[in-house]
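The values are calculated or read from the model by the stated rules, or taken from the named source; none is laboratory data. The model shown is predicted, which means the values in this text are computed figures rather than measured ones. Note that each Cβ is placed from the backbone with ideal geometry, even for glycine, and that neighbours are counted across all protein chains shown. For accessibility, only protein heavy atoms count, side chains too; no ligands or nucleic acids. Shrake-Rupley method; radii C 1.70, N 1.55, O 1.52, S 1.80 Å.
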Amino acid sequence: MKCKQLLVKGKAKSVYSTDDRHKLVIEFRDDITAFDGGKKDVLKNKGNYNAEVSAFFFEYLEQNGIRTHFFTMVDPHHMVVRKLEMIPLEVIVRNIAAGSLVRNYPFREGAPLNPPLVVIDYKDDARHDPMLNDEIIVALKLATPAELKKIKKMALEVNRLLSSLLSDHGITLVDFKMEFGRQGKTIYLGDEISMDSMRLWDKKTGESLDKDVYRFEKGDVMAIYNRVVQRITGPVMNK
Ligand code: 5GP
């Protein structure tokens, strides 16, 4: 599969057209950013780590009935995906209170959220990704009520599947962000699911195993990403 034209360059990934009009190639770059791009670095192998974990999750989710955009990897940082009309929503599922939920609302950090919360932000850097509600999403014609219902159902199912997989590897899925797209009437899970878009805590020690290590300078972030990839894609340890 050959990359033809650069279509979009995001903060950490680039998207290319290919010689097949139904397929795109996503390049996972080594750029890492936080705080709306206020903190940036280039960290060797970061793209590979996130691509490998994303591909692993997409394959696992497909095997469990979730439609994703994933086709295959071309090399360790180029992924072939289905071309979708992306929906500009950041769909976040939260199992434990952390991050902006604790900053903005009177939740105690670490408090379990049962049932999990689905929080949807508007993907718009210039507006700092403001939180939406169903009425605003429909009024802005970002998604129909039927699509929104489907997206929330898929988001909770992905959460159930990934929480269980990660738990088997000794990791708590605290929260994570997904993006969805449509092709015709079908909704697919798109973008990536990686250490950049998840909050992961070690089940035993509570140690952060995700981009919070970079955000808050908690240690050697690439050493941790590398360890997380080995843990997630390796044999089950904590059944
Ligand atoms: P929070 O709202 O607490 O900052 O983030 C909740 C979860 O969604 C975290 O796991 C965080 O990594 C992810 N998330 C929220 N917004 C973004 C974003 O713009 N980009 C990425 N990659 N992840 C996000």
I need the calculated FRET efficiency for the pair Val138 and Lys185, taking r as the beta carbon distance and R₀ as 22 Å, to the nearest 0.05.
0.85
DSSP H segments from the chain that extend 27 Å or more along their own axis, Cα-based, with Kyte-Doolittle mean of -1.0 or above
145-168
Indicate the gyration tensor shape class of region 85-220 (rounded, prolate or oblate), computed on the Cα atoms with a ≥ b ≥ c the square roots of the eigenvalues: a/c under 1.5 is rounded; otherwise a/b larger than b/c is prolate and the rest oblate.
prolate
Tell me the carbon and sulfur percent of the accessible area for the chain, rounded to whole percent, probe radius 1.4 Å.
52 percent
So if each residue of separation counts as 0.36 nm, and I subtract the Cα-Cα distance between Leu156 and Asp20, what length gain in nm does that give?
45.7 nm
Cα centroid separation, region 136-190 to region 65-88 (Å):
15 Å
Loop only per DSSP, at most 10 neighbouring Cβ atoms within 10 Å: give me the trypsin sites (Lys or Arg not before Pro) in region 163-234, ordered by residue number.
Lys185, Lys204
For region 3-82, just say rounded, prolate or oblate: build the C-alpha gyration tensor, square-root its eigenvalues into a ≥ b ≥ c, call rounded for a/c under 1.5, and beyond that prolate if a/b exceeds b/c, oblate if not.
oblate
Low-density loop GluC sites (Glu not before Pro), region 186-239, at most 15 other Cβ within 10 Å, DSSP non-H/G/I/E/B, are Glu207, Glu217
Using per-residue counts of other Cβ atoms within 10 Å, averaged over each peptide, order 91-99, 135-143 from highest down.
91-99, 135-143
For the chain, what does the accessible surface come to per residue with a 1.4 Å probe? Please give it in Å².
51 Å²
